Every structure is written in C-alpha cells, then in structure tokens.
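Scroll down for the structure; my scribbles are underneath it.
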Amino acid sequence: MTENNSFYITTPIYYPSGKLHIGNATTTIACDVLARYKRMMNKDVFYLTGLDEHGQKIQTKAEEAGLSPQEYVDGMAVGVKALWELLGISYNQFIRTTDDYHETVVAAVFEKLLAQGDIYLGEYSGWYSVSDEEFFTESQLAEVFRDEAGNVIGGIAPSGHEVELVTEESYFFKLSKYQKHLEAFFKAHPDFISPNSRMNEMLKNFIEPGLEDLAVSRTTFTWGVQVPSNPKHVVYVWIDALLNYATALGYGQTDTANFDKFWLGNTVTKSWTDETDKTWEFQVASEVNHMIAKDILRFHSIYWPIILMALDLPLPNRLIAHGWFVIQDGKMSKSKGNVVYPEMLVERFGLDPLRYYLMRSLPVGSDGTFTPEDYVGRINYELANDLGNLLNRTVAMINKYFGGDIPAFAQATDFDADLAAVVAENLGAYHKNMDAVDYPRALEAVWNIISRTNKYIDETAPWVLAKDEADREKLAAVMAHLAASLRVVAHLIQPFMMETSNAIMAQLGLGSAFDLKNLELSGLPTGIKVVEKGTPIFPRLDMEEEIAYIKEQMTAGKPATEKEWNPEEVELKSSKDEIKFETFDAVEIRVAEVKEVSKVEGSDKLLCFRLDAGDGEDRQILSGIAKFYPNEQELVGKKLQIVANLKPRKMMKKYISQGMILSAEHDGKLTVLTVAPSVPNGSVIG
Ligand code: ME8
C-alpha cells in the first residue's frame, strides 16, 4: 500500500444499555479534539464511533423495556447520535454492530478462525459477569461465596458486579498459541500503550502469568451474531465488538478503499530479538489509534492484537487509555445510577465549558473527580476571568485608542521579547502534549500564554502610554501584540472550543482563516478592524447558585436514599394501618434453601417446594408463583425467605403447606426474595 497522510482515531463502541453520561462523553470529546487537531495539522482524518449493540446485557435491557432487542437498540442509537450532535462531535462514521455489513464480516471471520484451527469447540465452565460481559476465573474474582463444604457457589467481579456460574458448550480462541507473539510485540513496540505505565501492568498481570484460551461463543441467549456452521452459538460480544474497528473501514467487504488507506496505508515494521537470538517482526499500522479508558484496556491490548495476528493484519499503533472520572470516590456507571449527564450541563452553561472542563480535567494517568465546585470554578476563573477579560480589554482598547484598527505588528516595548518567548515555548509544549493526548498539559500551555498576556497589559500599562503622544508607537505595538496573542490562543483552543475560538477570531475581525501549522505570535494580516463592541464570551456565574444547581441535577432522578439526607429532618408520621412492634416480632422469617421444586398437578398456579429451613427436617411449601417461573428448576439451590411459623394448611385437598415464600410484587409480576448464598439455612430475618 502506498504511504499517505491518513490518521485513524476510534472511540470504544459504547453499550446502549442506558443513557450515555459524561464518562462516555469524555472519551468521545477527547477523540473529537484529536480529530480536529490532526485535521488542522493537515492530516486526512477518519474518526469512528458507534455502539456495541449485541450481548446478554442488551437482550435483558430490551426485555425489561418490553421491546425486541432491535427495537430497543434502534431507539437508543437515535439518542446517542443526538447527543454527539449536541456535543459537536465530528465523527466520520457511526458504526452499529447490528449493521448488516458488520455482522456478515464477524460471521466470516469466526468461520475463518475456526477453519484455520485458531478456534475450537469445547465446554466452558466458569464465572460470567453480565454487566461486564466478561468471564472470570475463580482467582480473578474480588470476592467468592462458598457453601458450608467450602465449594465456591458465587462471587463478585473486580467491577463489583455479581457473577454467575456458566456451564455450556462453547468455542474457544487459542490465545495461548499467541502468548509469545504478544509478549514479543509488547517488547518490539514499547509505545503501544499510553500512558506507558499501563503497558507494564498488562504484561505483568495478564500476559506473563499465561493466557488461558478464551470462550468466544455463548448458547444461553440469542442476541448476537450467529455462528453460521453451528447456529445455536452466538459470537462472544467482545469479539464482535473489537472487529468494528476493521469492518467500519470496509475490511472483508467489496469496497476496501478506506481499509487500504487508513489501516494498511502506513505500515511500519517493529522488531525485537529475544534471549535465544530469535528476531520477531511485526507489521504496525502506524496511523491507527484507539482511545479507551483503563477498564477495557485488557480487551484492547490482548484480545484485539491476537485477533489481528490470527487474521494476519497489521497491529494498531497506539492504545490511548485514560483514567476514569469518578464522583466522590465512586465509579460513575449507568448501572449504579450515580451519573452526570452532559445534556444538563450544556443546557445550563453551553457546550464549550463542558468540552473545556472535561478535557482540562481529563484523567490521564490516574482517575479524576468530577465536582460541581470545580466545574463552576473553572468557568469563572479560567474562562470568564482569564480568557474572557483578555478579549474584552483588548477589543475595548483597540477601539478606544485606534478606532478599531489593529496596528501593524512591531517590537517596541521592553516586554515584547519575553511575551514572544513565552508564546514560542508554550506553542512547543502545546503540540507535544496534543500528540501525547495530554490535554490538561496542552491547555495549561495555552493558559500560560493567556496569563502572560494579561500580565503584559499590566506591565505595559496602555492607559499610561495613551496619555503621551510620544508613546504612540509603543501603544500601537502593545495593541498588535495583544491581538496577535489572542489570535494564537484562538487557534490553539479551536479543537477544544470551536464556538469560543470562532468568536475570538470574529471579534478580532480575523474571520475563520486558521493556520495552526505555521502559527506564530506575529502573523496578523494588515488592515484588520476589530468589532465595535465585543460581547463577553463567558458571562460570570454566581458560584453558589450554580453549584447548587448542578448538585440538584446530579441527585434528581436518583432514589431518595441517594439524595442528601438530614437525619434531624425526618418527621414522625403515623398511619392508621400501622402495627405494633410485637405483632411484627411474632412473625418468624427465615432463610430456606430450595432442595426440590415441581409443578402441582391440576394447578397452573402452584409450585410445590421442598426446602431446608435449618430446622433439621425439610419442609414443604406450596406457592402460587408458577406462571412467573416457567423454568421452575432454576430455583433449585436458591436461598429464599419464608414465613416459618404460619399455621400449616391443606391445599389442593392433599398437600400440606408449611409456611409461605416471600416475594416482591410489581406491576403484577412476582419475584421471589433471595439472600446471598453465604447466609446459612435457617438464619432468622428481622
Ligand atoms: O466497554 N470516566 O462499553 P461501555 C471516563 N462496549 N470514561 C468513561 C467512564 C468514566 N467514568 N465511564 C465510561 C464497553 N467511560 C464496550 C466497548 S469497544 C470495542 C467495546 C468510557 O459503554 C471509557 O471510554 O461500558 C470506557 O472505556 C468506555 O466508556 C466504556 O464504555
């Protein structure tokens, strides 16, 4: 393939299992900034984003919503596209894993890997977290539950989500076969993962201890890409998802022009010689960049390169893995319901403050905390005070002293040289950090220029120069420097804050002729007039009021227990149906494990349970929940809550029922109440 000027940047494809939040917006904006920056640097950019629409989690969400999975994801995709439009995301393509072209290639790739022996059929037994769509070995679990005999009967994944035991026929990907290749690739391409520290983490924690073959198909649900040669299997959602980066460009299809250009177009060879003097060589697609957060680095740094190796394709050049935005020491997540939604912030404060805040606070190496105080503070201090004021003062002074005409650029004061040096130095820092995707530092460099320019106004004191005609030349040079510095700033913030950047250029009368590549402090065209009256680009905010507003929005829609709770404000309320404590205390609720369950002949409502309630002898309870548990055997082994001291009664003429199973009712649907497997049978609840 011929070399070209391409640059390929991708976001993760998000699960549309809930509304996207500022965490997802962070990665998408970060990619957008990079795409815009590279375009301004004359790169031919392809920016891909999209949705990961298959898998058990989505199927369950759709069922909960009473929709077919396709209807459900179609609806979610509309919302996500609208969000990206609101946030000014300049993507070139939006892929959905339910797109036909993608599904066809995923099925074909699976069959190819099967045919060449990289995938084989076996049986999987292990722990699966549906929330993470990820398998875990027992040793990887953060917590394990055991029965009295010490057998593992459940557990918690590192993400905090519960896992379930999955035993099913499954296809396996021979990751083990590629173990050495992957290690060698990491050695040959030490810049593969940024930040670099995460590379070692992957190598030490996951690769060097040995890669286990990966279960890459599921049979217990249907929402996914079917394996053509064995349709009871659907392709594991992560294999399906990772391939999006290639299928979106046309890989495996008739029109491969984009794939040829953006993936194959700029390959370089990276090599490494091991202890035995064997030289390993890898083809790397030098303009392929995947941006993700640390939670999914393992999939991208291990599974993805191995899939590509198996397909004999060049490997991606760079995984940019940023940290998380957390809220008060907790991870923000759709399933936890403690999230901040971008729409609310844009509606109240506009788009640019959101893009600025997220990128200025982007957690690069570690996690960052989102706080309303920081949000409003940055708008007031950095945007309104530092930048907004500089523009206001500059436009006002050029109008006042020069009738709006920006004077020709010249060096005349003692401070010009230092201003020029600070601009030059920070221009360098800006580009370096933009390439490294360290936006907090890139923006710090821009704010160094802004601060230095504000200081330059104080140093040169134009209002003093204006009093003496002899200082006219100096005054002109000062105005030209201020306008030139603001022009530099407007260029540098363009990838981050398009509206603000355009507004600065417009107020300076410069139009939209950006030239980031040849940017320097002078560079002002002659004969330019600033606007007569500049409008403030960032009005100052009332800190207290706005902080309170964000806090209120963050808790809105959350369950009451998550709202701020003042123990002293709880009121003593009575209702006529209340019972005395003694009445409640007389009810004995206990934990009972289901030993056996069967349908009751002659009744379509009743199930007959044999339970161990810890009282030495099993007991029998009949419960009218049959229609909610058509596969009643799934209840065997579950620990339920029963009323143990209810007077026994005869049911269906011949069965004695010795208690009642507690269940929760909602919208006419009953769900039995279970307790953790670690709670012993017979435990008293109260
Ligand atoms: O993992 N802070 O999708 P997902 C910063 N479908 N970034 C965050 C964040 C936070 N608090 N929360 C989420 C999946 N993100 C798979 C990806 S790719 C082939 C398949 C961002 O919806 C961050 O980029 O769980 C993270 O990696 C991604 O959303 C996870 O999105």
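The values are calculated or read from the model by the stated rules, or taken from the named source; none is laboratory data. Values in this document were obtained by computation on a predicted structure and should not be read as measured data. Note that each Cβ is placed from the backbone with ideal geometry, even for glycine, and that neighbours are counted across all protein chains shown. The area values use the complete protein model at the heavy-atom level, side chains included, leaving out ligands, DNA and RNA. Shrake-Rupley method; radii C 1.70, N 1.55, O 1.52, S 1.80 Å.
What is the one condition in (1) open to solvent by 10 Å² or more (accessible area, probe 1.4 Å); (2) within 16 Å of the ligand (Cβ to nearest atom); (3) under 20 Å from Thr28 (Cβ atoms); (4) not polar (S, T, N, Q) that Leu351 does not satisfy?
(2)
Determine whether Glu71 is open to solvent by 10 Å² or more (accessible area, probe 1.4 Å) and more than 30 Å from Met434 (Cβ to Cβ).
Working: open to solvent by 10 Å² or more (accessible area, probe 1.4 Å): yes; more than 30 Å from Met434 (Cβ to Cβ): yes.
Yes: the conditions hold for Glu71.
Please work out if Phe110 is crowded, with 18+ Cβ neighbours inside 10 Å, under 30 Å from Thr671 (Cβ atoms) and hydrophobic (A, V, I, L, M, F, W, C).
Taking the combined requirement at face value, the residue does not satisfy it.
Can you find, within the range 245-270, the residue that is most open to solvent (accessible area, probe 1.4 Å) among those that are within 16 Å of the ligand (Cβ to nearest atom) and within 20 Å of Leu51 (Cβ to Cβ)? Lay out the reasoning, then the answer.
Initial filter on the range 245-270 (within 16 Å of the ligand (Cβ to nearest atom)): 245-249, 251, 263.
Among the residues that remain, those that are also within 20 Å of Leu51 (Cβ to Cβ) are: 245-249, 251.
Values: Tyr245: 5, Ala246: 2, Thr247: 1, Ala248: 8, Leu249: 4, Tyr251: 39 Å².
That would be Tyr251.
Test Glu665 against the stated conditions and say whether it is assigned to a strand (DSSP E or B) and either under 10 Å from Ala592 (Cα atoms) or open to solvent by 60 Å² or more (accessible area, probe 1.4 Å) (or both).
yes
Could you grab me the full set of residues in the range 215-233 that are more than 24 Å from the chain's Cα centre (by Cα) and within 16 Å of the ligand (Cβ to nearest atom)? Working first, answer last.
Filtering the range 215-233 down to residues more than 24 Å from the chain's Cα centre (by Cα) leaves 215, 217-222, 226-233.
Listed by number, the list holds a single entry, Arg218.
Tally up the residues in the range 165-178 that are at pLDDT 95 or above and either in contact with a Phe, Trp or Tyr (Cβ under 7 Å, 6 or more places away or on another chain) or surrounded by 16 or more Cβ atoms within 10 Å (Cβ to Cβ) (or both), please.
7
So, in the range 534-555, of the ones that are open to solvent by less than 60 Å² (accessible area, probe 1.4 Å) and part of a loop (DSSP other than H, G, I, E, B), which residue ends up farthest from Asp352 (Cα to Cα)?
Gly534
Could you tell me whether Lys61 is at pLDDT below 95 and within 16 Å of the ligand (Cβ to nearest atom)? If you could, list the steps in order and put the result at the bottom.
Numbers: at pLDDT below 95: yes; within 16 Å of the ligand (Cβ to nearest atom): yes.
Considered against the rule, which asks whether it is at pLDDT below 95 and within 16 Å of the ligand (Cβ to nearest atom), Lys61 comes out as yes.
Would you pick out the residues in the range 133-160 that are closer than 19 Å to Leu211 by Cα, open to solvent by 30 Å² or more (accessible area, probe 1.4 Å) and touching a residue at least 12 places away in the same chain (Cβ under 8 Å)?
Residues of the range 133-160 closer than 19 Å to Leu211 by Cα: 133-141, 157-158.
Still in the running and open to solvent by 30 Å² or more (accessible area, probe 1.4 Å): 137-140, 158.
Passing the criteria: Thr137, Glu138, Gln140, Pro158.
Among the residues of the range 594-631, how many are more than 19 Å from Lys650 (Cα to Cα) and touching a Ser or Thr at 6+ places or on another chain (Cβ under 9 Å)?
So the count comes out to 2.
Only one of (1) away from the ligand (no atom under 16 Å from the Cβ); (2) within 30 Å of the chain's Cα centre (by Cα) is not met by Arg360, so which one is it?
Here Arg360 meets the rest and fails (1).
Could you list, in sequence order, all residues of the range 144-200 that are under 22 Å from Tyr124 (Cα atoms), part of a helix (DSSP H, G or I) and not aliphatic (A, V, I, L, M)?
Of everything in the range 144-200, those that are under 22 Å from Tyr124 (Cα atoms), part of a helix (DSSP H, G or I) and not aliphatic (A, V, I, L, M) turn out to be Ser176, Lys177, Tyr178, Gln179.
Which residues, counting only those in the range 1-23, are modelled with pLDDT under 95 and under 19 Å from the mean Cα position of the chain (by Cα)?
Ser17, Gly18, Lys19, Leu20, His21, Ile22, Gly23
Results for (1) part of a loop (DSSP other than H, G, I, E, B); (2) open to solvent by less than 60 Å² (accessible area, probe 1.4 Å); (3) under 30 Å from Phe496 (Cα atoms); (4) in contact with a His (Cβ under 8 Å, 6 or more places away or on another chain), shown as yes or no for each residue.
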{"site": "Ile89", "(1), (2), (3), (4)": "yes, yes, yes, no"}
{"site": "Phe94", "(1), (2), (3), (4)": "no, yes, yes, no"}
{"site": "Thr98", "(1), (2), (3), (4)": "yes, yes, no, yes"}
{"site": "Thr104", "(1), (2), (3), (4)": "no, no, no, no"}
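Only residues in the range 267-296 that are under 22 Å from Leu249 (Cβ atoms) and at pLDDT 95 or above count as the first member; pair them with residues that are of a type in the set (D, E, K, R) and away from the ligand (no atom under 16 Å from the Cβ), Cβ under 7 angstrom, at least 6 apart or cross-chain, and list the lot.
Correct list of pairs: Thr269/Glu281; Phe282/Lys270; Val284/Lys270.
If only one of Val597, Val675, Val643 is outside the structural domain of Gly154 (by the TED database), aliphatic (A, V, I, L, M) and closer than 24 Å to Val144 by Cα, which one is it?
After ruling out the rest, the residue left standing is Val675.
For the range 34-51, how many residues meet the condition of being open to solvent by less than 20 Å² (accessible area, probe 1.4 Å), in a strand (DSSP E or B) and not aliphatic (A, V, I, L, M)?
4
Considering every residue within the range 212-232, establish whether at least one is surrounded by 22 or more Cβ atoms within 10 Å (Cβ to Cβ) and over 22 Å from Leu121 (Cβ atoms).
No, the range 212-232 contains no residue that is surrounded by 22 or more Cβ atoms within 10 Å (Cβ to Cβ) and over 22 Å from Leu121 (Cβ atoms).
Being within 46 Å of the chain's Cα centre (by Cα), part of a helix (DSSP H, G or I) and closer than 30 Å to Gly66 by Cβ is true for just one of Gln633, Gln641. Which residue is that?
Gln633
Testing Glu212 on (1) within 14 Å of the ligand (Cβ to nearest atom); (2) not in a helix (DSSP H, G or I), one condition comes back false. Which one is that?
Glu212 satisfies all of (1) within 14 Å of the ligand (Cβ to nearest atom); (2) not in a helix (DSSP H, G or I) except (1).
Residues of the range 280-327 being open to solvent by 10 Å² or more (accessible area, probe 1.4 Å), assigned to a strand (DSSP E or B) and away from the ligand (no atom under 12 Å from the Cβ), which ones?
Within the range 280-327, Trp280, Glu281, Phe282, Gln283, Ser286, Glu287, Asn317, Arg318 meet the criteria.
What number of residues within the range 8-32 are more than 9 Å from the ligand (Cβ to nearest atom) and crowded, with 23+ Cβ neighbours inside 10 Å?
The qualifying residues number 5.
Look at the range 432-459 and say how many of its residues are within 17 Å of Ile320 (Cα to Cα) and open to solvent by 40 Å² or more (accessible area, probe 1.4 Å).
Residues flagged as within 17 Å of Ile320 (Cα to Cα) and open to solvent by 40 Å² or more (accessible area, probe 1.4 Å) within the range 432-459 amount to 4.
If you check Arg487 against the conditions, is it open to solvent by 10 Å² or more (accessible area, probe 1.4 Å) and touching a residue at least 24 places away in the same chain (Cβ under 8 Å)?
Yes; evaluated as a whole, the condition is true for this residue.
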